[in-house]
1. Pairs, please: C-beta under 7 Å, at least 6 apart or cross-chain, first residue at positive phi and without any contact (Cβ under 8 Å) to a residue 12 or more places away in the chain and in the range 159-176, second surrounded by fewer than 18 Cβ atoms within 10 Å (Cβ to Cβ) and not in a helix (DSSP H, G or I)?
2. For the subset of the range 99-118 comprising residues that are more than 11 Å from residue 159 (Cα to Cα) and surrounded by 19 or more Cβ atoms within 10 Å (Cβ to Cβ), which member is modelled with the lowest pLDDT?
3. Looking at 91, 96, which one is in contact with a helix residue (DSSP H, G or I) (Cβ under 9 Å, 6 or more places away or on another chain), in a helix (DSSP H, G or I), touching a residue at least 40 places away in the same chain (Cβ under 8 Å) and farther than 29 Å from residue 37 by Cα?
4. Residue check, residue 16 against (1) part of a helix (DSSP H, G or I); (2) surrounded by 10 or more Cβ atoms within 10 Å (Cβ to Cβ); (3) modelled with pLDDT under 70, all met but one. Which one?
5. Of the numbered conditions (1) in a helix (DSSP H, G or I); (2) more than 16 Å from residue 93 (Cα to Cα); (3) under 12 Å from the mean Cα position of the chain (by Cα), residue 135 satisfies every one except a single condition; which is it?
6. Here are the criteria: (1) loosely packed, with under 10 Cβ neighbours inside 10 Å; (2) within 25 Å of the chain's Cα centre (by Cα); (3) at pLDDT below 80. Tell me which single one residue 217 does not satisfy.
7. Could you check the range 119-145 and list, in sequence order, the residues that are closer than 20 Å to residue 45 by Cβ and either surrounded by 18 or more Cβ atoms within 10 Å (Cβ to Cβ) or at pLDDT 95 or above (or both)?
8. Given the residues 165, 86, which is the only one that is surrounded by 11 or more Cβ atoms within 10 Å (Cβ to Cβ), farther than 26 Å from residue 45 by Cα and modelled with pLDDT under 90?
């Protein structure tokens with residue numbers, strides 16, 4: 001969608017070379033902006049302020065202008081299910097690297113011929129939260145917990161697919177470790193039972209021997 005919008009401006013030099021040129025044109029001749037140039041300026045404003053579209057703000061927060069993205073202030077309101085808590089260690093690092101690689105590949109595919117940078121697609125704070133919280137597995141949850149990511153509808157599903165194999169591999173490895181630990185515990189339990197049974201037999205034999213010795217002494 002955005003590639004089409006911006007591509008129509010850059011193809012054949014039908015628009016100025018960058019947003020700075022459009023801003024200069026706006027200052028010199030504000031009534032002569034083309035629809036494409038106006039759209040680029042609107043997109044630039046959203047990127048610079050990290051604000052949500054006006055219609056989303058009206059529906060979700062009421063008519064309260066000036067609400068900027070603050071993903072760190074968003075609190076998780078749903079209890080995490082098993083395996084959906086914060087990612088840590090190698091799993092977290094793998095998630096971050098996968099999202100960064102996806103962001104660059106997506107930028108090359110959709111935005112390379114524009115003035116936009118890869119961070120516009122997925123800002124670092126948004127990337128960090130997506131990488132950290134395994135429970136964000138649906139577009140609805142992503143939009144609820146990170147309302148300021150204005151490209152969630154465009155790329156949210158792709159991000160979920162990027163993280164799915166990492167979480168699946170972690171779950172499988174974790175379950176394998178649990179099975180191995182259960183097998184070790186079962187083996188130790190069986191070995192302890194054998195030792196307890198053997199100790200009990202020895203104790204009974206010693207008691208029996210002592211009893212017979214006492215009987216012989218009495219006789």
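The values are calculated or read from the model by the stated rules, or taken from the named source; none is laboratory data. Because the structure is predicted, anything quoted here is derived from the model rather than measured. Glycine also receives a Cβ, built like all others from the backbone with ideal geometry; neighbour counts cover every protein chain displayed.
1. Every condition considered, no pair remains.
2. So the residue we want is 114.
3. Working: 96 fails: touching a residue at least 40 places away in the same chain (Cβ under 8 Å).
Being in contact with a helix residue (DSSP H, G or I) (Cβ under 9 Å, 6 or more places away or on another chain), in a helix (DSSP H, G or I), touching a residue at least 40 places away in the same chain (Cβ under 8 Å) and farther than 29 Å from residue 37 by Cα holds for just one of 91, 96, which is 91.
4. Just one mismatch for residue 16, condition (1).
5. Here residue 135 clears every test but (1).
6. Residue 217 satisfies every listed condition except (2).
7. 120, 121, 122, 123, 126
8. Working: 165 fails: modelled with pLDDT under 90.
Of 165, 86, the one residue that is surrounded by 11 or more Cβ atoms within 10 Å (Cβ to Cβ), farther than 26 Å from residue 45 by Cα and modelled with pLDDT under 90 is 86.
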